[in-house]
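Undergrad: Here it is: the structure, laid out below.
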Amino acid sequence: MGSSPIIWRTIGLDFISGERVFNKNLIKNYNELVNLPGFGLEVFLNKHIMDEKLKIKVVRWDNVKSPYPNKKFGFIKGNIAFIAMIFQIFSTAGFIGSLYQIIKMLSLKS
């Protein structure tokens, strides 16, 4: 979480990180995954977690860092990658839906 955007560190939940552990039964129909954009998977999993009212646990890995895209790819390519990530999230959940997921996922934290 140390390399997450400041908003995620502030609220204590990175709702789009790919680091997840879950029971495979959470996904009922794997065909639904085929047309998801890259970061759409996280949004898709969040929706199922919320629908099932599952509890989530945030585990801090203080020594694990994931650099921002501009550190990995350079300023221009990194910012394009960041914008693409935001677009993928909003194309899957929408802006309001993304805000709803943040609020709902926070309520499911154990």
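Derivation of every value follows stated rules applied to the coordinates shown; laboratory data play no part. Being a predicted model, the structure only gives us computed values, none of them experimental. Heads up, the Cβs are rebuilt from the backbone with ideal geometry, glycines too, and the neighbour counts pull from every protein chain shown.
Undergrad: Give the long-range amide H neighbours of residue 56: residues separated by 5 or more places, or on another chain, with amide H under 5 Å away, using H modelled in the peptide plane at 1.01 Å from N.
TA: For residue 56, the qualifying residues are 109, 110.
Undergrad: Let me ask something additional. Highest first, please rank the peptides 57-65, 43-51 by the mean number of other Cβ atoms sitting within 10 Å of their residues. Working shown, then result.
TA: Values: 57-65: 9.1, 43-51: 17.6.
Packing order, densest peptide first, comes out as 43-51, 57-65.
Undergrad: Here's a follow-up. For labels at residue 106 and residue 32 in the simple 7 Å Cα→Cβ model, what's the distance in nm?
TA: 2.5
Undergrad: While we're looking at this one, here's another question. Using alpha-carbon pairs under 8 Å, 6+ residues apart, how would you state the relative contact order of the chain in percent? Don't jump to the answer; show the numbers that get you there.
TA: On the way: 91 pairs, mean separation 40.0, N = 110.
Relative contact order for the chain comes out at 36 percent.
Undergrad: Lysine pairs in the chain with Cα distance under 20 Å, only those 8 or more apart or on different chains: how many are there?
TA: Within the chain, the lysine pair count is 20.
Undergrad: Return one quarter of the surface area of the convex hull spanned by the alpha-carbon atoms of the chain, equal to its mean projected area, in nm².
TA: On the way: hull surface 29.1 nm².
The orientation-averaged projected area of the Cα hull of the chain comes to 7.3 nm².
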